[in-house]
Amino acid sequence: MYDPPVRIAVLMPAYNEAGRLLDTLTELCRDRGDAEICVFLVDDGSTPPLARDELRAAAGAMPIVLARHAVNLGQGAAIETARQLALRPRFSLHNAPFDAFVTMDSDGQHRPCDVLALARAIADGADVALGNRFAGGSNVPLSRRLLLAFARSFERVTTGLALSDAHNGLRAFSARAITRMHLTHNRMAHATEFTQQISRASRNGERLGVIEVPVSVRYTDASRAKGQKASGAVAIVVDLFHGFLFGKGSP
Amino acid sequence: MSLEITPAAIALIGLLAALLLHDVTTIKNRRLLALQIIVFTAGAVLIVCPEIARRLARAVGIGRGVDFVLYPLVIWLVRESLLTRRRRHEDEAKMTEIVRAMAIDKAHFVSGNGVSRSSAPLQSDASASS
């Protein structure tokens, strides 16, 4: 039986990633197999701006749609911009809809094979596939483990979803699910917002099939330096509280 | 009621005068400046003549004159803080919308072969961006 290639929209925010982003694109292009991938890359106000020629050279034949925020807004805002772009007919691949929408970091933490695994899970019928780095052999630093354990408990209390890895940047959505995700938190609280919206959709009777897929996250010195810290966790809680207080999410 | 010119009162009055001098030269909104002058003057009077605050405090059932000034001040500051945060929140949400609209409007393919590069009508794009 003919199994058509999975059509994947990769939603990728980038802020001052430079070389790591180009390596990520090169690797994704090289290891994409028979999947049809289009990267929706949002330059979140990088200085200097991402260079088109370098992107073109890195991505080869893999299509990239580039959008640029005039000022730095935050990762959540960049993902939301990428999401909106990916739903626009003018950026479809060969005028056909995407099977899966995958959020992926641009700093080389995420592996192309995990992107394909998540997209395959969506193609097989799931609405939401969340990467689980604890089941995928990642060398998660102890400090990050403790922080993520707190995040997991927080999400369980606030959303009712019992997830193994609540704040993994690798997530995949079906076309049905991605239209129900609308991020209003500009910064890192968007990860919690995703789970809140998945939970809310289920409460509204639009039950979304959620599965967790083992993935491996590659931690480097650069990613550790850039990643979430305890102060970042406090900022997320403050952002969520502001969103609760003022009603529209925290920009 | 006698004036109480203590070192603390002199320091506070000096601070008020310095702030007012700074704001007179920088604030262009005359109404705001007038309001500030009135509030600062009232504050200066209460500093050099605390008996006024004491009498007012006793009249409304508050023990100390300083508490009479502090209680409403704290309430006002908390309210101002919340209002300011809400305004900043709304302004940033508006800025996000503008920046995003500009980014989407100028988005384009930078690589890829065999990609449909034709732009669909804008109204169909708008309907897809929920």
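The values are calculated or read from the model by the stated rules, or taken from the named source; none is laboratory data. From a predicted model like this one, the values you see are computed outputs, not experimental measurements. Cβ atoms come from the backbone with ideal geometry, glycine included; neighbour counts cover every protein chain shown.
General observations
- For the criterion of being over 30 Å from A:LEU240 (Cα atoms) and among the acidic types (Asp, Glu), B:GLU80 fails.
- Among the candidates A:PHE101, A:PHE91, the residue that is within 12 Å of the chain's Cα centre (by Cα), among the aromatic types (Phe, Trp, Tyr) and within 14 Å of chain B (Cβ to nearest Cβ) is uniquely A:PHE101.
- Residue within the stretch A:204-213 that is under 13 Å from the mean Cα position of the chain (by Cα) and farther than 18 Å from A:ALA117 by Cβ present: no
- Scanning the stretch A:7-34 for residues that are within 24 Å of A:SER174 (Cβ to Cβ), assigned to a loop (DSSP other than H, G, I, E, B) and within 18 Å of the chain's Cα centre (by Cα) yields a single hit, A:ARG32.
- Residue in the stretch B:72-94 that is over 30 Å from A:ASN72 (Cβ atoms), among the basic types (Lys, Arg) and at pLDDT below 90 present: no
- Condition met for A:ARG156 (within 14 Å of another protein chain (Cβ to nearest Cβ) and either crowded, with 18+ Cβ neighbours inside 10 Å or under 30 Å from B:HIS89 (Cβ atoms) (or both)): no
- Flag not set for A:ALA121, criterion: at pLDDT 95 or above, surrounded by 17 or more Cβ atoms within 10 Å (Cβ to Cβ) and within 9 Å of another protein chain (Cβ to nearest Cβ).
- Taken over the stretch A:52-67, the criterion of being within 7 Å of another protein chain (Cβ to nearest Cβ), among the small types (Gly, Ala, Ser) and assigned to a helix (DSSP H, G or I) is satisfied by A:ALA59 alone.
- Residues of the stretch A:76-104 that turn out to be in contact with a Gly (Cβ under 9 Å, 6 or more places away or on another chain), crowded, with 17+ Cβ neighbours inside 10 Å and modelled with pLDDT under 95, as a count: 1
- Residues of the stretch A:214-251 that are among the charged types (D, E, K, R), closer than 30 Å to A:PRO112 by Cα and at pLDDT 75 or above: A:ARG218 alone.
- Sole exception among (1) at the interface with chain B (Cβ under 10 Å from one of its Cβ atoms); (2) farther than 15 Å from B:ILE104 by Cβ for A:ALA70, by number: (2)
- Restricting attention to the stretch A:179-198, the residues that are more than 20 Å from A:ASP44 (Cα to Cα) and surrounded by fewer than 17 Cβ atoms within 10 Å (Cβ to Cβ) total 1.
- Number of residues in the stretch A:181-208 that are assigned to a loop (DSSP other than H, G, I, E, B) and among the hydroxyl-bearing types (Ser, Thr, Tyr) equals 1.
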